Each structure stands twice: as C-alpha cells, then as structure tokens.
Amino acid sequence: MSKILFIGDLHLTGNSPQSRKETNEQYREAQLNKLNQILEICIKEDVKDVIILGDVFHNNSSISNLFETEIWSTFLKFRTKGINLY
C-alpha cells in the first residue's frame, strides 16, 4: 500500500509576518527548512505521494526570484527521491 501525505495551505512568502520576530531572510530560511523536514519525513516513512491542499504561495508580490527558485529546487528534491508532489 502506498502512503500519501497531505499538507494544507503553505502560504510561502518572502516577508516575515509582523507577529514574528525573525528577519525576512530568517523567515525564508525557516520555510525552506520546513519543506526539507517534510521531505525527510517522506523518505523515512516511505511516502510516495504528497498532496498540497490549497495555497502554496501567500502572494507573488513578496516572493523574490531567488526565493522562488529555492522553493522550486526544494520541490524538485521530492521528485529525485521518487516522491510525487501534487
């Protein structure tokens, strides 16, 4: 039986919310770390499919090209590990 992981509303953004103390750079790094942690869980638990329910990005106006590239590069890591990302 194949395992599926569901993730809801990532709302990835380039700007730290006012309610948090991190700089924008620290917040972006934290978001990428969480995506990598999800990948590690998938590898450990032999998850074959990840389904994102809802908004991947909060809005595109606060996403820099570099951060967007880092996000898509992280998503590609799932693919290289044989994990489908929807």
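Figures for the structure shown
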{"read-out": "Net +/- balance of residues flanking CYS42 in space, Cβ distance below 12 Å, scoring K and R +1, D and E -1", "value": "+2"}
{"read-out": "Nearest-10 value in Å² for the accessible area of SER2, using the 1.4 Å probe", "value": "70 Å²"}
{"read-out": "Cα centre as origin, Lys/Arg/Asp/Glu Cβ charges: the chain dipole, Debye", "value": "180 debye"}
{"read-out": "C-alpha long axis of helix 24-45 to longest principal axis of the chain, angle in °", "value": "10 degrees"}
{"read-out": "Accessible surface, the chain, averaged per residue in Å² (probe 1.4 Å)", "value": "69 Å²"}
{"read-out": "Loop sites in region 16-65: GluC sites (Glu not before Pro), DSSP, at most 16 other Cβ within 10 Å", "value": "GLU22"}
{"read-out": "Taking all pairs of distinct alpha-carbon atoms in the chain, Kirkwood radius in angstrom", "value": "13.5 Å"}
{"read-out": "Exposure ranking of ARG20, ARG79 by accessible area [1.4 Å probe, largest first]", "value": "ARG79, ARG20"}
{"read-out": "Extended-chain gain in nm, criterion 0.36 nm per residue less alpha-carbon gap, LEU5 and ILE52", "value": "16.1 nm"}
{"read-out": "Percent carbon-and-sulfur accessible area, the chain, ignoring ligands, DNA and RNA, probe 1.4 Å", "value": "52 percent"}
{"read-out": "Rounded tilt (10° steps) of 65-80 against the dominant C-alpha axis of the chain", "value": "10 degrees"}
{"read-out": "Net charge of Cβ neighbours under 12 Å - reference PHE67; Lys, Arg +1; Asp, Glu -1", "value": "-3"}
{"read-out": "Heavy atoms of THR69 accessible to a 1.4 Å probe, total area in Å² rounded to 10", "value": "80 Å²"}
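The values are calculated or read from the model by the stated rules, or taken from the named source; none is laboratory data. None of these values were measured; they are calculated from a predicted model. Using ideal geometry, Cβ is built from the backbone for each residue, glycine included, and neighbour counts are taken over all protein chains shown. In case anyone asks, the SASA skips ligands and DNA or RNA and just uses the protein heavy atoms, side chains included. Shrake-Rupley method; radii C 1.70, N 1.55, O 1.52, S 1.80 Å.
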